[in-house]
Amino acid sequence: MRLEGVHHITAITGDAARNVDFYTRVLGLRLVAKTVNQDDPSVYHLFYADEQGRPGAELTFFEYPRAIPGRAGAGMVHRIVSRVGCEEALAFWAQRLGAEGVAHERVGNGLRFADPEGLGHELAVRPSGDTPLVAEHPEIPAEHALQGFDGVVAYSAQPEYSGILLERLLGATSLGDDAWELRGEVRGGTIAYEAPPAEPGRQSAGTVHHVAWGTTVAEHPRWDEVLHDAGVPTSGIIDRHYFHSIYFREPSGVLFEIADDGPGFTVDGYSVEELGSKIILPPQLEPHRERIEAILTPLPDPRALRSPAR
């Protein structure tokens, strides 16, 4: 069994409206799902992705209104790396981010910046052969659009221990320099580690909650068996309605998830064109829709706002 790179990455925001504006209007991702945290239905779980909402491009956020700023520390992901197609794309993004007042820095073949709450990002030219996962945006040429995740960078004082789990249990390949790749038949993704800062981390707004690695519906239950047989404590298999999840912590402390590739956000009967236009709820929460919607911050469909027919 091989994991299909990054399935999704989940972070925390204290301001859903500002979050939607940055990731849809500025970065050009598509809001493909407005749902709730199934473990705390009083808060949003927002999903951004490519045009079809596919794994490999899903960046998600739990909203905890007015959450204090977080700080990445040991055992936490501090930078999300997304692919772009060419050097010209990096120049495009440097100009676009600059026009929005977003500080940015060229580092090697990448462009680094942070979202309004301090969550670190890097856009990098990383030819992989993987299908580009692109969203449509009127101001962003398709050849310059974000193409899905390349990987994540986390803090760890002893990444070699994480490497043992990554290689022996998850089938990762060492890339050297405390970095590993998890590659399946369709996609691949990386995780790299850097020395942690002296200050301890604080998980709150602007920090990553967990990173999910992808697998198939058929192989998903077997991953729980592999981890259990190796003595790794897991959450067991959790039905998230849109996919299934297994959570566990790797030796450095990063919260990992293994998520499968089905059934996706159209399982409730919504078409791909309708994704992100209304709040979707899993069946167990549907009877509580009125109460849930009364608590949540109203968020319009960003695509409707930019439509000429508005």
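Bear in mind that the values in this text are calculations on the coordinates, not laboratory data. This one's a predicted model, so the numbers in the text were calculated from it and none came from an experiment. Counting neighbours? That spans all protein chains shown, and the Cβs are built from the backbone with ideal geometry, glycine included.
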Exercise. Please specify each residue of the stretch 120-147 satisfying the condition of being farther than 21 Å from G5 by Cα and crowded, with 18+ Cβ neighbours inside 10 Å.
Key: H137, I140, H144
Quiz prompt | Search result, residues across the stretch 31-54 that are surrounded by 23 or more Cβ atoms within 10 Å (Cβ to Cβ) and either of a type in the set (D, E, K, R) or farther than 30 Å from S271 by Cα (or both) | solution = D50
Quiz prompt | Matching residues, the stretch 155-182, being touching a helix residue (DSSP H, G or I) at 6+ places or on another chain (Cβ under 8 Å), crowded, with 19+ Cβ neighbours inside 10 Å and within 20 Å of G214 (Cβ to Cβ) | solution = A172, W180, L182
Self-check item: Filter result (closer than 30 Å to M1 by Cα and among the acidic types (D, E)) within the stretch 248-304
Solution: E250, E257, D260, D261, D268
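So is R240 buried (at least 17 other Cβ atoms within 10 Å of the Cβ) and among the basic types (K, R) or not? Step through it out loud before you land on a result.
Working: buried (at least 17 other Cβ atoms within 10 Å of the Cβ): no; among the basic types (K, R): yes.
No; evaluated as a whole, the condition is false for this residue.
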Quiz item: Within the stretch 4-12, can one find any residue that is surrounded by 22 or more Cβ atoms within 10 Å (Cβ to Cβ), touching a Phe, Trp or Tyr at 6+ places or on another chain (Cβ under 9 Å), in a loop (DSSP other than H, G, I, E, B) and acidic (D, E)?
Solution: yes
Quiz prompt | Subset of the stretch 183-211 [surrounded by fewer than 15 Cβ atoms within 10 Å (Cβ to Cβ) and either aromatic (F, W, Y) or under 25 Å from Q147 (Cβ atoms) (or both)] | solution = E185
Practice problem: Residue by residue through the stretch 24-75, note down the ones that are among the hydrophobic types (A, V, I, L, M, F, W, C), closer than 18 Å to V211 by Cβ, in a loop (DSSP other than H, G, I, E, B) and touching a Leu at 6+ places or on another chain (Cβ under 9 Å). | Solution: L29, A57, A72
Quiz item: Considering only the stretch 84-120, how many residues are outside any helix (DSSP H, G or I), under 21 Å from A16 (Cα atoms) and in contact with a His (Cβ under 9 Å, 6 or more places away or on another chain)?
Solution: 5
Quiz item: Considering the stretch 278-292 alone, what residues qualify as being surrounded by fewer than 16 Cβ atoms within 10 Å (Cβ to Cβ) and either basic (K, R) or assigned to a loop (DSSP other than H, G, I, E, B) (or both)?
Solution: K278, P283, Q284, R289, R291
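So, in the stretch 55-85, of the ones that are among the charged types (D, E, K, R) and buried (at least 20 other Cβ atoms within 10 Å of the Cβ), which residue ends up farthest from F265 (Cα to Cα)?
From the stretch 55-85, those among the charged types (D, E, K, R) are 58, 63, 66, 71, 79, 83; that's our starting set.
Cutting the leftovers down to buried (at least 20 other Cβ atoms within 10 Å of the Cβ) gives us 58, 63, 79, 83.
On the way: E58: 11, E63: 19, R79: 26, R83: 23 Å.
Filtering first and then ranking leaves R79.
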Quiz item: Among all residue pairs at least 6 apart or on different chains, which show Cβ distances below 7 Å where the first residue, located in the stretch 72-99, is under 12 Å from I140 (Cβ atoms) and the second is hydrophobic (A, V, I, L, M, F, W, C) and part of a loop (DSSP other than H, G, I, E, B)?
Solution: V84/L146
